[in-house]
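Inspection log for the structure reproduced underneath, given as structure tokens.
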Amino acid sequence: MKKYLIIGGVAGGATTAARLRRLDESAEIIMFERGEHISYANCGLPYYVGGVIKERENLLLQTPESFKARLNVDVRVKNEVIKINKEDKTVEVLDLNTNETYIESYDKLVVSPGAEPVRPPIPGINEDIIFTVRNVKDTDKIKNYCNKHQPKKAVVVGAGFIGLEMAENLHHLGMMVTIVEMAEQVMAPLDYEMAAVVHQHLKSKDVEFFLKDGVSEFKRENNLINVRLQSGRNIQADIIILSIGVRPETKLIREAGIELAPNGGIKVNEYLQTSDEHIFALGDAMAFPHPITGKYTNTYLAGPANKQARLLANNLVLGNKQTYKGAIATAIAKVFDLTVASTGMAEKILKKENIDYISNIIHGGEHAGYYPGALPNTIKLIFSPTDGKLFGAQIIGYNGVDKRIDMIATVIQKGGTIYDLQEIEHAYAPPYSSAKDPVNQAGFSAGNIIEGLVKIILWDELYNSHAANNFILDVRTPDEFELGAIEGAVNIELDAIRERIDEIPKNKKIIIYCGVGLRGYFAARILMQKGYTDVYNLSGGYKIYEYATGKQSNEDIFESSYIAQDGYIYRGTMKKEEKSAEEDTTIAVKAIEIDACGLQCPGPIIKLKQEMDKLEPGQRLKQTVTDAGFVKDAEAWCKMTGNKLISIDSNKGIYTAIIEKQASGSTPQKATDSNIQLPKNKTLVVFSDDMDRALASMVIANGAATTGHKVTLFFTFWGLNIIKKSNKPKVEKDFMGKMFGKMMAGSASDLKLSKMNMMGLGSKMMKKRMLSKKVDSLEDLIQTAMDNGIEMIACQMSMDVMGVTAEELLDGVKIGGVATYLAEAEESNLNLFI
Ligand code: FAD
């Protein structure tokens, strides 16, 4: 009868024990675990903290009792192996229940001790509200602390996969989250430009993050910790998560005189055997030559640990038959709405290792473009320039990322090439993919590069290149070009290239780009076939260039906030004398809750004004809104009207403001000299009848009306079309009046977008989008403006010139001349011309 000892009772250890028993019913199997739990779901821990996984028991996949009952494994929790005596094949164990030690002998010893979170010697790092996340006990501590103290402000140090998962889950609990990362990017396995996509997404989620900045000190101040950064910046928080990285637990093995690999992990051969033939290692602590670089590497992932366990158990029972081939670190994480995945080698590692490679980025629809909701998957492939052998891939998107990274990982694992990607036969129906999946497309695009059909330039090569020698050609439409372009680029849209080819110089390096790289490729092919030789297409297009060259971090978004003793987050700086009044909840004689969720600007602020008008001084209003812009609007509105913003809180994307009506409620702040009455009204001259401009006019006017001051809209020339009735009475007009009538928009519902109107398609899309985003239509905004008492004046002169009659205009619109406008402007401190 064989006797197996196993150190570590989670991914590697527990799986080995289970498989051993299935293969050998007679063996004696003892599993030591120094913690209280075995076989738990470490990967689920962040989601339990965030409350996404609700039941703690769901994390505990097995217990010592269930393991004993089902597998007859002797599980010894709270038993730590403190020494391995390889000469006499025994281990020394400390029973943490009794504090006594004992010796246990083995025939074969399996070591799966995992990796421990790094805790650098930063002053103050041992404060009790600084947590790491490795096991159920750590998670219990965080969860209990959150339940008891309801922290509001979190700092996550380290932006790896676990750090970001923790950031998301704390944010999910309603905390303001700041991430501090020493590197220039989040998620180290990604290349910079792919991480840049994640940075921009984090910004959209109101997460503060500092890149290229480390923590120099943690300093306790009552219930808070002052996190001092190397840049000198200070961040206050009431919970800190340390997620700087992990290091393999190798002390036991090292002290036993067993060989470690150059990278510090436990060195094993292809049978997972250490330098001692009776001792085997697996999981996070074990180092194995990487299938691509051949260098010893640790893989900190659950999948490889579980599969190594099965292979190891097979070999232990059946003899060394199966060989381990190494892991390529295929990993995936949810970062708010995004899915981010990587496999194999990143470009930056290959560069360091001096391995020749080509990298290329494509964007492909997650499913057929004609089926609703197709969002892009951004795929970066890294491959050999000679034979197309795949080295690595990174994918970011909303859906379908998991299956695509797995397809590519499978090919990499088998030593495959980009040509294998071209041939993958995938399941296709419109809701799931396209006839050519983005993975096939990535393979085709890579093939075009290797075969010389196109040369590519990477975003950083272009960014750092000498502009004088380049002719940068933007082949997008003029509308796209106007929305943003690379400095110095010349716009000739793809379909016009053949006609305007003379404008493209032959003596310069031609760098072509489009939105995502596809039209750029078409343009490159035209030019190359017309005799241009020095032609490059920007890989990943303008999209990646814009992401990578834009601002990456998101600093100081919570700068003007502080946590008061009542636990609420307050805007502004804490003034000692004001503090007690602000926190005195007895002031709130009557708190009224209004729910403006789903409404978008300027809806919430109008609702706020309406409800505040109903309050008595001293009463408080609690307003709940999903529009992130409301945070700034509410502050500005209170400033303008003299009301007091008590707090703004956010929870799961919902913002709650508490505002107290002041005695001078709805009275703007006083002028410094009390004798001077400064004008406070607002005037807008609306000249244009572009739909977007009309919308902007109404949004500003409605917002301005909430301050309690008079707002006047003065419509001239084309602007008159905005205030025409949709069902107009028949009126007599002269010839020119009839002509203008035919050429102009009939009413607000017929207006067109100023850009990207695309024969009316653009304005239709805009209306649909507004509807889906619950933004009021233009017609509704006009009605709201009228209901809010906004004065609408039609310019008499313009009406005469354009042949518009008073009967055609909306009821309530007044007709006035320039004097009316000037009189109103005189009383205004804001006068806009739209
Ligand atoms: P572990 O599972 O960590 O088990 C090692 C055990 O050994 C520990 O319980 C430890 O207490 C015990 N031990 C150590 N020394 C001794 C000793 N001397 N005596 C007795 N017992 C000892 N991977 C993924 O692939 N996907 C994910 O989404 C993912 N998310 C994660 C989230 C978190 C929060 C964490 C912490 C890890 C995550 N991982 C994820 C990584 C994954 O959990 C690990 O790669 C995997 O658990 C490694 O297995 P292991 O057996 O090597 O170590």
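The values are calculated or read from the model by the stated rules, or taken from the named source; none is laboratory data. This one's a predicted model, so the numbers in the text were calculated from it and none came from an experiment. Note that each Cβ is placed from the backbone with ideal geometry, even for glycine, and that neighbours are counted across all protein chains shown. Just the protein is used for accessible areas: all its heavy atoms, side chains included, with ligands, DNA and RNA removed. Shrake-Rupley method; radii C 1.70, N 1.55, O 1.52, S 1.80 Å.
Pick out the one residue from Asp534, Asp502 that is without any contact (Cβ under 8 Å) to a residue 40 or more places away in the chain, among the acidic types (Asp, Glu) and within 30 Å of Met194 (Cα to Cα).
Just one listed residue meets the conditions, Asp534.
For region 101-205, list the helices (runs of 4 or more DSSP H) that sit wholly inside it and hold at least 1 residues that are under 17 Å from the mean Cα position of the chain (by Cα) and either under 20 Å from Asp556 (Cβ atoms) or polar (S, T, N, Q) (or both); which are they? Let's see the steps before the verdict.
Numbers: elements: 136-149, 161-172, 192-204.
Passing ranges, in order: 161-172, 192-204.
Could you tell me whether any residue of region 298-307 is open to solvent by 70 Å² or more (accessible area, probe 1.4 Å) and under 21 Å from Ile7 (Cβ atoms)?
Within region 298-307, the subset open to solvent by 70 Å² or more (accessible area, probe 1.4 Å) is 300, 307.
Then keep just the ones that are under 21 Å from Ile7 (Cβ atoms); that gives 300, 307.
Yes; the residues of region 298-307 include at least one that is open to solvent by 70 Å² or more (accessible area, probe 1.4 Å) and under 21 Å from Ile7 (Cβ atoms).
When you go through (1) surrounded by fewer than 18 Cβ atoms within 10 Å (Cβ to Cβ); (2) more than 33 Å from the chain's Cα centre (by Cα); (3) within 16 Å of the ligand (Cβ to nearest atom) one by one for Glu270, which number turns out not to apply?
(3)
Got a sec? Which of Asp128, Asp95 is open to solvent by 40 Å² or more (accessible area, probe 1.4 Å), without any contact (Cβ under 8 Å) to a residue 24 or more places away in the chain and within 27 Å of Lys78 (Cα to Cα)? Talk me through it step by step, then tell me what you get.
Numbers: Asp95 fails: open to solvent by 40 Å² or more (accessible area, probe 1.4 Å).
Exactly one residue qualifies, and that residue is Asp128.
Any residue that is more than 23 Å from the chain's Cα centre (by Cα), assigned to a loop (DSSP other than H, G, I, E, B), away from the ligand (no atom under 15 Å from the Cβ) and farther than 30 Å from Asp556 by Cα - is there at least one of those in region 237-244?
Scanning region 237-244 turns up no residue that is more than 23 Å from the chain's Cα centre (by Cα), assigned to a loop (DSSP other than H, G, I, E, B), away from the ligand (no atom under 15 Å from the Cβ) and farther than 30 Å from Asp556 by Cα.
Of the residues Leu318, Leu301, Leu381, Leu338, which single one is closer than 19 Å to Phe161 by Cα, more than 12 Å from the ligand (Cβ to nearest atom) and in contact with a helix residue (DSSP H, G or I) (Cβ under 9 Å, 6 or more places away or on another chain)?
Selected residue: Leu338, the only one of Leu318, Leu301, Leu381, Leu338 that is closer than 19 Å to Phe161 by Cα, more than 12 Å from the ligand (Cβ to nearest atom) and in contact with a helix residue (DSSP H, G or I) (Cβ under 9 Å, 6 or more places away or on another chain).
List the number of the failed condition for Arg254; all other conditions in (1) within 16 Å of the ligand (Cβ to nearest atom); (2) in contact with an Asp or Glu (Cβ under 9 Å, 6 or more places away or on another chain); (3) of a type in the set (D, E, K, R) hold.
Unmet for Arg254, out of (1) within 16 Å of the ligand (Cβ to nearest atom); (2) in contact with an Asp or Glu (Cβ under 9 Å, 6 or more places away or on another chain); (3) of a type in the set (D, E, K, R): (2).
Identify, from the list Thr90, Thr63, the residue that is in contact with a His (Cβ under 9 Å, 6 or more places away or on another chain) and of a type in the set (Ser, Thr, Tyr). First the steps, then the outcome.
On the way: Thr90 fails: in contact with a His (Cβ under 9 Å, 6 or more places away or on another chain).
None of the other options fit; the residue is Thr63.
Conditions (1) in a loop (DSSP other than H, G, I, E, B); (2) without any contact (Cβ under 8 Å) to a residue 12 or more places away in the chain; (3) at positive phi, marked per residue:
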site: Glu277; (1), (2), (3): yes, yes, no
site: Phe288; (1), (2), (3): no, no, no
site: Thr297; (1), (2), (3): no, no, no
site: Ala309; (1), (2), (3): no, no, no
site: Gly326; (1), (2), (3): yes, no, yes
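Restricting attention to region 67-78, does a residue exist that is in contact with a helix residue (DSSP H, G or I) (Cβ under 6 Å, 6 or more places away or on another chain), within 15 Å of the ligand (Cβ to nearest atom), in a loop (DSSP other than H, G, I, E, B) and modelled with pLDDT of 95 or more?
yes
Give the number of residues within region 31-53 that are surrounded by fewer than 22 Cβ atoms within 10 Å (Cβ to Cβ), in contact with a helix residue (DSSP H, G or I) (Cβ under 8 Å, 6 or more places away or on another chain) and assigned to a loop (DSSP other than H, G, I, E, B).
Residues meeting the conditions: 8.
Which residues, taken from region 712-753, are surrounded by 15 or more Cβ atoms within 10 Å (Cβ to Cβ) and closer than 17 Å to Val699 by Cα?
Thr712, Leu713, Phe714, Phe715, Gly719, Ile722, Ile723, Ala748, Leu751, Leu753
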